[in-house]
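A.B. asks: Before we start, here is the structure in question, set down as structure tokens.
The values are calculated or read from the model by the stated rules, or taken from the named source; none is laboratory data. All of these numbers come straight from a predicted model, not from anything done at the bench. Cβ: placed from backbone, ideal geometry, glycine included. Neighbour counts: every protein chain shown.
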Amino acid sequence: MASNGSAHAAPAGHADEYKNHLFPPNSASQGAHVSSREQYDEMYKRSITDPDSFWGEIAESFYWKKRWQSPVRRFNFDVRKGPVKIEWFVGAETNLSYNCLDRHVEAGHGDRVAFYWEGNDLNEDSKITYSQLLKQVCQLANYLKSIGVKRGSDVTIYMPMVPELPAAMLACARIGAVHSVVFGGFSAESLAGRILDSKPSIVITASAVKRGAKPIDLKGIVDTAVKRVQAQGHSIKTVLVFDHVLAAKRENVAFTEGLDVWWQDVVPRQPTDCPVEWMGAEEPLFKLYTSGSTGKPKGVEHTLAGYMIGASTTFKYVFDHRAEDIYWCTADCGWITGHSYVAYGPMVNGATQVLFEGVPTYPDAGRAWDIVDKYKVTLLYTAPTAIRALQSFGDSFVTKYSRKSLRILGTVGEPINPEAWKWYHEVVGEGRCPIVDTWWQTETGAHMITPLPGATTLKPGSATLPFFGVEPAVLNEKGEEQEGECEGYLVIKKAWPSSMRTLSGDHERFETTYFKVYPGYYFTGDGCRRDKDGYYWLIGRVDDVINVSGHRIGTAEVEGALTQHPQCAEAAVVPMEHPIKGQGIYAYVTLMVGTEYPPPASLKKELIATVREEIGPIATPDVIHWAPGLPKTRSGKIMRRILRKIASKEEDQLGDTSTLADPSVVQTLLKMRGQ
Ligand code: ATP
Ligand code: MG
């Protein structure tokens, strides 16, 4: 493993200087799959001008029961010309479970570890090889078939991060059932809503889970949700319960005869082989409800072949994956990141992964780096929110571990502020590891704008350049495509393999949300800037762009400036009504761990001075509101809709807060008003 690359020279000074600093690929990326900018340019060009041969060649290395017909892609993005339709690899037949498991075992890699499982508590661990996992997936698939689950059936999965979770997804894929994984941290109400939308006959869950010091009664939540859906006229026939003995004693788990079934009582008795169902390329693979940071969750539907190619090709190139890598993605399988970059992309590539059940701050803030050393993790993929949280505890939790194995660091979920990028790069990666800042969405299924570690010169805070086959454009207010350096709405011009195909049961909402805003384009909902080198800088959701006296200011930019201040751990900025400027800037600020609230009044002045210096007086925050905690979704994203309501003193209209990770932060925030 090349881990002795020369350190990048790190610039001193302010974020702006840092943002403009270039980090070319270094020796840590020698021998990468894509090893130069020229190679990227050449491949990118071919992916756009000749998608048939580009994707056709890539697809050759997968297993197909039946080949596709040419052309490889057929689509209509223009609502004026008819319904929006996206198809890839029409006519082909394959199976994702086969490509993730059987293919590797048949190639003689059955003894390779698929998952090193690290439990919530220290010293709880296990591992499972590809051939063991294949047997388990077959047994579960056979059990599902025995209770009537078949091709096209819906299955809801509500489980902790144990290997049985990706196994359940693969078992569904094996027999053509459509899974809907709901993050095992959602409330009974959210779970019930998602069950009612997809109407499965079975829910797969576990008795309980410990996340940090806190035990969570998963089975109890499922029971409440099942009763709630029953009251609405939908009945669940089976609740399959994985007996998670490390989290709960079986005798303490409520159990309903005739409905509940213990996984351990039925699955191990099934035969260990199960022929796969050969599925059409465009048959549905899964539904996944988006995190809901902007309103009612949407059931995003992905289909088989294009998604398989998209998730695994991005995994291979963006993480420059090699057989000897140990890859750890901290996302839960309940999010798209856990689908594409735990369950499917890595498994199609035969990767060895770490699957972690707990949280990176338990038992202390060094846990993540302890895990990195324990398994010699080479590729780490996490989110800015986690990076900032760990950063707020100080460097000593990081530096007491070696981290020598790390080769590439990834980030996803939000724009990464330059200060967090710098810490991730310099402290975590010791200046050695390229950072892949991957922009994509539940809807896109796979990375869209991202560096390739051996080819792309990095700029801190920029997701850099489009992946193969992705044609982004930046539109102005009038919907006109802009050339060169510009700022506006990020859209995509043509279908990419892992494009979502529809919203579950609501093709009209699909067209309205994504294709009617600017006819002819897929509308991402994100604002971005393109610089003179063609690099993309995501500046937040379109709704989060603040218009101060006619100047468009991205919330991410102001947040990035605030976190430059050494005492600011995290910031969230929302617009507020302003009598003169139209909109003003309302900033919530979380201070470094250990600071008392409210801090001395002078700190507000200092923070404001930092923003003025970093961005300019136009971005001066009008209000600074101390936030010992911020309202976040279970996936760690800030719920700005709630912050906007608090800023406008409309806290009686907060709406659905059931998807908040910690609802009590709202009360604390209200107490801090005016402090
Ligand atoms: P909802 O659509 O329900 O409101 P969500 O958009 O948070 O939820 P996801 O699909 O998980 O759900 O997140 C995609 C969004 O996350 C993107 O549209 C973008 O705003 C943000 N995002 C993801 N990765 C990045 C990144 N690397 N840089 C900047 N923003 C990112
Ligand atoms: Mg979204």
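A.B. asks: Does segment 645-675 hold any residues that are part of a loop (DSSP other than H, G, I, E, B), out of contact with any Asp or Glu (no Cβ under 6 Å at 6 or more places or on another chain) and among the small types (Gly, Ala, Ser), and which are they?
C.D. replies: The answer is 648, 655, 661, 664, 674.
A.B. asks: For segment 418-440, what are the residues that are among the aromatic types (Phe, Trp, Tyr), in contact with a helix residue (DSSP H, G or I) (Cβ under 7 Å, 6 or more places away or on another chain) and surrounded by 24 or more Cβ atoms within 10 Å (Cβ to Cβ)?
C.D. replies: 424
A.B. asks: Would you mention how many residues in segment 237-259 are part of a loop (DSSP other than H, G, I, E, B) and surrounded by 17 or more Cβ atoms within 10 Å (Cβ to Cβ)? Explain how you work it out, then say what you get.
C.D. replies: Start the filter on segment 237-259 by keeping residues that are part of a loop (DSSP other than H, G, I, E, B), which leaves 237, 243-249, 253-259.
Next, from what is left, pick out any that are surrounded by 17 or more Cβ atoms within 10 Å (Cβ to Cβ): 243-244, 247-248, 253.
Total meeting the criteria: 5.
A.B. asks: What about residue 629, is it of a type in the set (Gly, Ala, Ser), over 23 Å from residue 185 (Cβ atoms) and surrounded by fewer than 20 Cβ atoms within 10 Å (Cβ to Cβ)?
C.D. replies: So residue 629 fails the test.
A.B. asks: Might you let me know whether segment 443-461 holds any residue that is part of a loop (DSSP other than H, G, I, E, B), of a type in the set (D, E, K, R) and either crowded, with 23+ Cβ neighbours inside 10 Å or more than 16 Å from ligand 2 (Cβ to nearest atom) (or both)? Reasoning before the result, please.
C.D. replies: Going residue by residue through segment 443-461, those that are part of a loop (DSSP other than H, G, I, E, B) are 445-448, 450-457, 459-461.
Now drop any that are not of a type in the set (D, E, K, R), which leaves 459.
If we keep only those that are either crowded, with 23+ Cβ neighbours inside 10 Å or more than 16 Å from ligand 2 (Cβ to nearest atom) (or both) too, we end up with 459.
Checking segment 443-461: at least one residue is part of a loop (DSSP other than H, G, I, E, B), of a type in the set (D, E, K, R) and either crowded, with 23+ Cβ neighbours inside 10 Å or more than 16 Å from ligand 2 (Cβ to nearest atom) (or both).
A.B. asks: Hey, any hits in segment 151-163 for a residue that's within 30 Å of residue 199 (Cβ to Cβ) and among the aromatic types (Phe, Trp, Tyr)?
C.D. replies: yes
A.B. asks: Considering only residues that are at pLDDT 95 or above and among the hydroxyl-bearing types (Ser, Thr, Tyr), look in segment 271-329 and name the one that is nearest to ligand 1 (Cβ to nearest atom).
C.D. replies: Only one residue tops the list, namely 314.
A.B. asks: Being more than 16 Å from ligand 2 (Cβ to nearest atom), under 19 Å from residue 104 (Cβ atoms) and touching a helix residue (DSSP H, G or I) at 6+ places or on another chain (Cβ under 9 Å) is the requirement here; does residue 359 meet it?
C.D. replies: Values: more than 16 Å from ligand 2 (Cβ to nearest atom): yes; under 19 Å from residue 104 (Cβ atoms): no; touching a helix residue (DSSP H, G or I) at 6+ places or on another chain (Cβ under 9 Å): yes.
Spelling it out, it is not the case that residue 359 is more than 16 Å from ligand 2 (Cβ to nearest atom), under 19 Å from residue 104 (Cβ atoms) and touching a helix residue (DSSP H, G or I) at 6+ places or on another chain (Cβ under 9 Å).
A.B. asks: Consider segment 1-23. How many of its residues are touching a strand residue (DSSP E or B) at 6+ places or on another chain (Cβ under 8 Å) and modelled with pLDDT of 75 or more?
C.D. replies: Number satisfying all stated conditions: 2.
A.B. asks: How many of the residues making up segment 440-494 are farther than 18 Å from residue 531 by Cα and within 13 Å of ligand 1 (Cβ to nearest atom)?
C.D. replies: The qualifying residues number 8.
A.B. asks: Taking segment 630-644, which residues are outside any strand (DSSP E or B) and either more than 16 Å from ligand 1 (Cβ to nearest atom) or within 16 Å of residue 335 (Cβ to Cβ) (or both)?
C.D. replies: 634, 635, 636, 637, 639
A.B. asks: Within segment 640-675, track down each residue that is among the aliphatic types (A, V, I, L, M) and touching a strand residue (DSSP E or B) at 6+ places or on another chain (Cβ under 6 Å). Even if it seems obvious, please write down each step before you answer.
C.D. replies: Filtering segment 640-675 for residues among the aliphatic types (A, V, I, L, M) gives 642-643, 646-647, 654, 660-661, 665-666, 669-670, 672.
Across segment 640-675, the qualifying residues are 643, 647, 661, 672.
Quick grid of which residues meet (1) in contact with a Lys or Arg (Cβ under 9 Å, 6 or more places away or on another chain); (2) without any contact (Cβ under 8 Å) to a residue 24 or more places away in the chain; (3) more than 25 Å from residue 451 (Cα to Cα):
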{"site": "478", "(1), (2), (3)": "no, yes, yes"}
{"site": "487", "(1), (2), (3)": "yes, no, no"}
{"site": "503", "(1), (2), (3)": "yes, no, yes"}
{"site": "523", "(1), (2), (3)": "yes, no, no"}
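A.B. asks: Condition check: within 30 Å of residue 85 (Cβ to Cβ), of a type in the set (Gly, Ala, Ser) and touching a residue at least 40 places away in the same chain (Cβ under 8 Å). Does residue 560 satisfy that?
C.D. replies: No; evaluated as a whole, the condition is false for this residue.
A.B. asks: Identify the single condition in (1) in a loop (DSSP other than H, G, I, E, B); (2) crowded, with 23+ Cβ neighbours inside 10 Å that residue 557 does not satisfy, given that it satisfies every other one.
C.D. replies: (1)
A.B. asks: With respect to residue 551, determine if the residue is more than 14 Å from ligand 1 (Cβ to nearest atom), of a type outside the set (Gly, Ala, Ser) and at pLDDT below 95.
C.D. replies: Yes: the conditions hold for residue 551.
A.B. asks: Now a separate question. Given the structure, is residue 483 out of contact with any helix residue (DSSP H, G or I) (no Cβ under 8 Å at 6 or more places or on another chain), farther than 24 Å from residue 374 by Cβ, in a loop (DSSP other than H, G, I, E, B) and of a type outside the set (Phe, Trp, Tyr)? Step through it out loud before you land on a result.
C.D. replies: On the way: out of contact with any helix residue (DSSP H, G or I) (no Cβ under 8 Å at 6 or more places or on another chain): yes; farther than 24 Å from residue 374 by Cβ: yes; in a loop (DSSP other than H, G, I, E, B): yes; of a type outside the set (Phe, Trp, Tyr): yes.
So residue 483 passes the test.
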